[in-house]
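Worksheet: one structure, shown below.
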Amino acid sequence: MIDIIIKNLPILVVLTPLMMSLIVVLISNNFLSWLLTLFTTLITFIFSLLLYQEVYLHTAISYALGNWVPPLGIEYLIDKVSIIPIIIIALISFLATFFASKIMPAEINNSSISKVYSLWLLAIAGLIGLVTTGDAFNLFVFLEISSLASVALVAMGGQKDKQALVAAYNYLILGAIGATFYVIGVGLLYGITGTLNLADLSNRIAEISDNKALIAGFGFMVIGIMLKAAVFPLHIWLPRAYAYAPSAVSVLLAATATKASLYILARILFSVFDISDNLVTYTLQYIILPLSILAMFAGTIMAIYEKDIKRLLAHSSIAQIGYITLAFAIGTKASVAAGFIHLFNHALIKGALFMAITSMGFYINKRITINNLSGLGRAMPITFVCFVICSLSLAGIPLTAGFISKLYIIKASISADGIWIAFLILASSALSVVYLWKMIEALWFHESPKVLNIKEKPEIYIALLMITFLNIYFGLDASIVVNSSFEAANQLLGVQK
Amino acid sequence: MISSTLGVWNYWIVFFLMMIGLFLVIGRKNLLKKIVGLTIFQTSVFLLYITFGKIQGGTPPILNNINETVYSNPLPHVLILTAIVVGVATTALGLSLVLRINSEYGSIEEEDISAQDLIDYHDLIETSKKISVKFKK
């Protein structure tokens, strides 16, 4: 029995949430449907840990779906690279589900809660599938599963605020354009090479040189995925989608959705195409690098002037995605590893910040703007302390996870002769303190307009405490994250360089 | 030159449709028309794949015991079946969102909607400010 499970882990990690989403929708009891969702995400997380163990103890797993041998059949590939986003998604989805127990019923009609959990699991299944699959077209299908499910989840915020509907609409249109661009790219590459398997594709692309359709296909794929990953200036759908989604959904999406797409971007740039190829080098140097630097500053400055706190956090996400793509764009082993470290840490940081802010919104029961944060810090000390720790982590203060990733990105950029890049990263981090301080000042130093009688509920702050603990833990002992990220970078760039 | 350009006329149709679709999505302010554009855009990609899969004089891939038969590649058709399903789901979700937007905002024109949103956003910031100012006095 255990043997069979271990053998089929790569598909189980996708199928468990996918199948359970069909069962959850049938359950009419809200608590039961939540419990089942929690159970499913826990199982998925355990599966992902088992996969981690398998990959590190033995070797990369290539799973032939339906026993059709790749490259003809669809391959599910778990290696040292793809295991990182799988762990991120499984971990965050478990914590976010835990967090959702009390928050979700406050914002969504009783009758639709089990449907929301069903979509929730569908989105998780889509994201994990996106990362697991080694087939270019299968990847598109999962891209659409996850994006349609998350659009519907964002639209559920429309029960409270009608702007969520417009946000969801924009997310849908831009997401569909991104996915279609990706399919055009895949089609062109398929036309040239005759294969859809990513590993096979990379072998055959290496044999072709100077083909215009190849360049066009590469362009379409990269732009499509950049749109999905919200790389500046293709980020326009992100702030609204995250700001008006129901609270728990914001936590889930902010921490996981763009991370999966960023992983795909890295995979296409470094694994399918060759980094020593001029095409990739120019793209990194002249397109992604300047855009990332712009993203770092534009995101931070937009966040400084933003008054709606959920939007503020979403703008800061754009800046943080900028750091990750910047690390990828430098293109050395150390910098790609740094990118993966920040991928992991940013998921923890942004998940925690969204949890803290949305639980504040839960207690005062209205949209959180900078003005009605006043005095909340004194009224809810536990949430406030977690919020401050995670803010410090975002700014990159030592002893937190954020420090580790900034350290490695800066180290990598200096060793790649980019001292000016290191300087820009530091400048943008310093700017991010401005908006973080703005929130902390309002929370702690401003008087509250009325006496706030808030009793913090353990159901809500336990998940927040857990994720804050992880933020500190990975700041003190980052060896696991750092080692796995370097292994991943070695695998992505190792053969070529 | 001319024959090689016109000889691939099916690709011309594909890119013509693609541009029309993309233009409708970007250029139109009506939410429903944007979805029409999106559908045209996606359809052009279906045609692109089908074009790849066709070989002149090729037959469907059914074994017929004649050695020199040229078979067309069936895989693009299968892929497009999947893509059509995805496209239908996207359109359905988009249309249902447009319906909900229409019942909440009373309009599906982008200008009306963003004007209403701007007022809401302004109210949200201003009202909460007034409360805190009043309290300070």
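The values are calculated or read from the model by the stated rules, or taken from the named source; none is laboratory data. Bear in mind the structure is a predicted one, so any value in this text is a computation, not a measurement. Don't worry about glycine lacking a Cβ; one is built from the backbone with ideal geometry, like all the others, and counts go over all protein chains shown. Surface accessibility is based on the protein's heavy atoms, side chains included, excluding ligands, DNA and RNA. Shrake-Rupley method; radii C 1.70, N 1.55, O 1.52, S 1.80 Å.
The fraction of accessible area contributed by carbon and sulfur in the protein assembly as shown is 68 percent, rounded to a whole number (1.4 Å probe; ligands and nucleic acids excluded). Listed cross-link partners A:366/B:33; A:307/A:406; A:307/A:450; A:7/A:80; A:228/A:366; A:162/A:310 are compared with a 24 Å cut-off, the Cα-Cα value being larger for A:366/B:33; A:307/A:406; A:228/A:366. For chain A, the share of alpha carbon pairs falling in successive 10 Å distance bins from zero is 4, 21, 32, 27, 12, 3, 0, 0 percent. The HN-Hα couplings worked out from phi for the stretch A:37-54 by the Karplus form 6.51 cos²θ - 1.76 cosθ + 1.60 (θ = phi - 60°) are 5, 4, 4, 4, 5, 5, 4, 4, 5, 4, 4, 5, 5, 4, 4, 4, 4, 4 Hz, whole numbers, x standing for Gly and Pro. Probing with 1.4 Å while keeping every protein chain in the model, the per residue accessible area of the stretch A:396-468 equals 52 Å². Amide H contacts of residue B:71 (H built 1.01 Å from N, in plane; Pro and chain starts excluded): B:59 sit under 5 Å, all sequence-distant by 5 or more or on other chains.
For the pair the stretch A:390-461 and the stretch A:80-137, the centres of their Cα atoms are 26 angstrom apart.
Normalised by 2.2 N^0.38 Å, where N is the number of residues, the alpha-carbon radius of gyration of the stretch A:305-431 equals 1.15.
So with the 1.4 Å probe, I'd like the accessible area per residue for chain B, rounded to whole Å². Before the final figure, lay out the partial values.
Numbers: 8680 Å² over 137 residues.
Here the residues of chain B average 63 Å² of exposed surface.
With a cut-off of 15 Å between beta carbons, the residues surrounding residue B:32 carry a summed charge of +1, where Lys and Arg count +1 and Asp and Glu -1.
Listed values for the stretch A:309-326 are Karplus-derived 3J(HN,Hα) couplings in whole Hz (6.51 cos²θ - 1.76 cosθ + 1.60, θ = phi - 60°), namely 5, 5, 5, 4, 5, 5, 4, 5, 4, 4, 5, 5, 4, x, 4, 5, 5, 4, and x replaces Gly and Pro. Each of A:355, A:32, B:76 was scored by the projection of its Cα onto the charge dipole of the protein assembly as shown, and the greatest displacement toward the positive side belongs to A:355; charges sit on the C-beta of Lys, Arg, Asp and Glu. Once the Kirkwood radius over Cα pairs is known for the stretch B:2-106, the Stokes-Einstein relation at 37 °C and 0.692 mPa s delivers a diffusion coefficient of 203 µm²/s.
Using a Förster distance of 30 angstrom, determine the FRET efficiency expected from the C-beta separation of residue A:208 and residue B:26, and round it to 0.05.
Working: r = 33 Å, r/R0 = 1.09.
After rounding, the FRET efficiency stands at 0.40.
For chain A, the longest principal axis of the Cα atoms and the long axis of helix A:289-305 meet at an angle of about 10 degrees.
The mean number of Cβ atoms from other chains found within 10 Å of a Cβ in peptide B:104-112 is 2, as a whole number.
Tell me the total accessible area that A and B bury against each other, 1.4 angstrom probe, in square angstrom rounded to 100.
Working: alone 18800 and 10530 Å², together 25590 Å².
Counting protein atoms only, the buried area is about 3700 Å².
Taking the longest Cα principal axis of chain A as reference, the axis of helix A:113-132 is set at about 30 degrees.
For chain B, the longest principal axis of the C-alpha atoms and the axis of helix B:31-53 are separated by about 20°.
Only the Cβ atoms of Lys and Arg (+1) and of Asp and Glu (-1) were treated as charged; on that basis the dipole of the protein assembly as shown about its Cα centre amounts to roughly 1620 debye.
For the stretch A:397-474, the convex hull drawn through the C-alpha positions has a volume of 103 cubic angstrom per residue.
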